[in-house]
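S.K.: Okay, here's the structure, questions in a sec.
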Amino acid sequence: MRIKTILVSQPKPQTEKSPYFDLAEKYNLKIDFRPFIQVEGVSTKEFRQERINILDHTAVIFTSRTAIDHFFRVCEELRITVPDDMKYFCISESTAFYLQKYIVYRKRKIFFGEKRFEELMDIIVKHKSEKFLIPLSDIHKQSIPALLDKNKIKYTKAILYRTVSSDLSDLADVNYDILAFYSPSGIASLLQNFPDFEQNNTIIAAFGPATSKAVNDAKLRLDIQAPMPQAPSMTMALDQFIKKYNKDNKDK
């Protein structure tokens with residue numbers, strides 16, 4: 001018995017150079033991609049209930065492109081004109097460049113870190129006099145507000161979008177050898193869609209300590225864990241597992 005099918009709980013890669021496609025070719029696998037979660041914006045009615053005045057702030061902190069989309073969506077729906085002197089602090093350069101979708105980039109005060117919020121924090125601290133707004137999802141890293149609090153930054157947390165489970169009912173009769181998860185929300189979606197899910201011989205792979213914890217908390221068996229020193233990516237962890245599994249089950 002060999003591993004033949006994998007379901008990855010993320011959107012299909014946009015590039016043909018994805019290591020998932022290399023993995024599929026190497027082991028003659030059928031790999032499907034299906035987001036187990038999706039993002040939906042909060043309504044303007046819900047946002048008003050947060051009692052936040054966007055124009056009371058002089059700077060916005062963006063941790064993702066999704067945050068940018070929903071910030072400007074809410075502004076448009078509420079007919080708020082964001083002033084030209086608003087400052088933008090982005091988690092990475094690519095996130096900062098995404099602002100071009102909504103503003104004239106070269107005419108704005110934009111700052112960005114490398115990739116980690118801790119790096120952006122070093123820049124934010126240099127602008128302590130600003131009044132920051134940080135658009136977030138209902139599910140977000142608690143370390144972000146904790147760091148802002150630790151550095152005594154004046155900020156307002158605005159929940160502009162939420163993570164919800166996708167409808168996976170069409171997968172009810174479809175079985176995969178491996179399910180690969182990248183977030184605790186993916187595990188929650190699995191159990192919400194299939195409350196009677198029984199793992200049996202299904203192999204579960206999890207990326208990140210929070211996802212691994214969610215698997216264990218759900219009393220499911222964690223078969224593949226990434227990142228690990230010998231497998232820093234999910235595809236490398238899958239590769240190593242499949243190689244050993246197929247070898248051990250060659251004659252079964």
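The values are calculated or read from the model by the stated rules, or taken from the named source; none is laboratory data. Note that the structure is a prediction, hence the values are computed from the model and not measured. Cβ atoms come from the backbone with ideal geometry, glycine included; neighbour counts cover every protein chain shown. Side chains are part of the model used for accessible areas, which takes the heavy atoms of the whole protein and leaves out ligands, DNA and RNA. Shrake-Rupley method; radii C 1.70, N 1.55, O 1.52, S 1.80 Å.
S.K.: What list of ³J(HN,Hα) values in whole Hz, one per residue of the stretch 153-158 in order, does the Karplus curve 6.51 cos²θ - 1.76 cosθ + 1.60 (θ = phi - 60°) give from phi, with Gly and Pro shown as x?
M.R.: Karplus values, whole Hz, x for Gly and Pro: 8, 7, 8, 10, 8, 10.
S.K.: Quantify, in whole percent, the carbon and sulfur part of the accessible surface of the stretch 66-196 (1.4 Å probe; protein heavy atoms only).
M.R.: 48
S.K.: Run down the lysines and flag those whose C-alpha is under 27 Å from the C-alpha of Lys152, throwing out any fewer than 8 positions away in its chain.
M.R.: Lys87, Lys109, Lys115, Lys126, Lys128, Lys131, Lys141
S.K.: For the chain, how big is the tail of P(r) above 26 Å, as a whole percent of Cα pairs?
M.R.: Every Cα pair in the chain considered, those over 26 Å come to 50 percent.
S.K.: Points 7 angstrom from Cα along the Cβ direction at Gln240 and Asp122: gap in nanometres?
M.R.: According to this spin-label approximation, the distance is 3.1 nm.
S.K.: Right, something else. Please get the size of the charge dipole for the stretch 40-163, origin at its Cα centre, with Cβ charges of +1 on Lys and Arg and -1 on Asp and Glu, quoted in debye to the nearest 20.
M.R.: 220
S.K.: Still on this structure: Quick one: what are the phi-derived ³J(HN,Hα) couplings along the stretch 122-135, Karplus 6.51/-1.76/1.60 with θ = phi - 60°, whole Hz, x for glycine and proline?
M.R.: Once rounded to whole Hz, the list reads 4, 6, 4, 4, 6, 10, 4, 6, 6, 9, 8, 10, 10, x.
S.K.: Sticking with this structure for a sec: With the Cα gyration tensor of the stretch 134-233 in hand, convert its eigenvalues to equivalent ellipsoid semi-axes via √(5λ) and list them largest first in whole Å.
M.R.: 31, 18, 10
S.K.: While we're here: Where nothing but the Cβ of Lys and Arg (+1) and of Asp and Glu (-1) is charged, how large is the charge dipole of the chain around its Cα centre, in debye to the nearest 20?
M.R.: In debye, rounded to 20, the chain gives about 720.
S.K.: Sticking with this one: Measuring from centroid to centroid over Cα atoms, what is the spacing of the stretch 125-180 and the stretch 47-89 in Å?
M.R.: 16
S.K.: Take the Cβ-Cβ distance between Ser43 and Lys152 as r, set R0 to 30 Å, and report the resulting FRET efficiency rounded to the nearest 0.05.
M.R.: So the FRET efficiency works out to roughly 0.35.
S.K.: Keeping all protein chains in place, calculate the accessible area per residue for the stretch 40-163 (probe 1.4 angstrom), answer in Å².
M.R.: Value returned for the stretch 40-163: 57 Å² of accessible area per residue.
S.K.: Can you tell me the dipole magnitude for the stretch 146-196 around its Cα centre, using point charges on the Cβ only (Lys, Arg +1; Asp, Glu -1), in Debye to the nearest 20?
M.R.: Result for the stretch 146-196 is approximately 820 debye, rounded to the nearest 20.
S.K.: Between Asp56 and Ser166, what is 0.36 nm times their sequence separation minus the Cα-Cα distance? Round to one decimal in nm.
M.R.: 36.1 nm
S.K.: Turning to a different aspect of this structure: With θ set to phi - 60°, apply the Karplus curve 6.51 cos²θ - 1.76 cosθ + 1.60 along the stretch 93-106 and write out the HN-Hα couplings as whole Hz, x wherever there is a Gly or Pro.
M.R.: Per residue, the Karplus-derived 3J(HN,Hα) values read 5, 5, 5, 4, 4, 5, 4, 4, 5, 10, 9, 7, 4, 5 Hz.
S.K.: Pop a pseudo-label 7 angstrom from the Cα along the beta-carbon direction at both Ser94 and Ala24 and give the gap in nm to one decimal.
M.R.: 2.1
S.K.: Quick check: Cα centre of the stretch 20-37 to Cα centre of the stretch 212-241, how many Å?
M.R.: Each part reduced to its Cα centre gives a spacing of 16 Å.
S.K.: Averaged over every viewing direction, what's the projected area of the C-alpha convex hull for the stretch 40-163? Give it in nm², one decimal, please.
M.R.: Result: 7.0 nm².
S.K.: From the residues Phe62, Ile203, Leu160, which one has its Cα farthest along the dipole of the chain in the positive direction, the dipole being from +1 and -1 charges on Cβ of Lys/Arg and Asp/Glu about the Cα centre?
M.R.: The one lying farthest along the dipole's positive direction is Phe62.
S.K.: Contour minus end-to-end for Asn175 and Lys101, with contour as 0.36 nm per residue of separation and end-to-end as the Cα-Cα distance?
M.R.: Gain in length upon complete extension: 22.6 nm.
S.K.: Suppose R0 equals 30 Å. What FRET efficiency, 1/(1 + (r/R0)^6) with r the Cβ-Cβ distance, do Thr5 and Ile139 give to the nearest 0.05?
M.R.: Result of the calculation: an efficiency of 0.55.
S.K.: Just in the stretch 77-149: which trypsin sites (Lys or Arg not before Pro) are loop by DSSP and have at most 12 other Cβ atoms within 10 Å?
M.R.: Arg79, Arg116, Lys126, Lys128, Lys131
S.K.: If you don't mind, there's one more thing I want to ask. For a quick check: with amide H placed at 1.01 Å from N, whose amide H comes under 5 Å from Tyr161's, ignoring anything fewer than 5 positions away on the same chain?
M.R.: Val42, Leu136, Asp138
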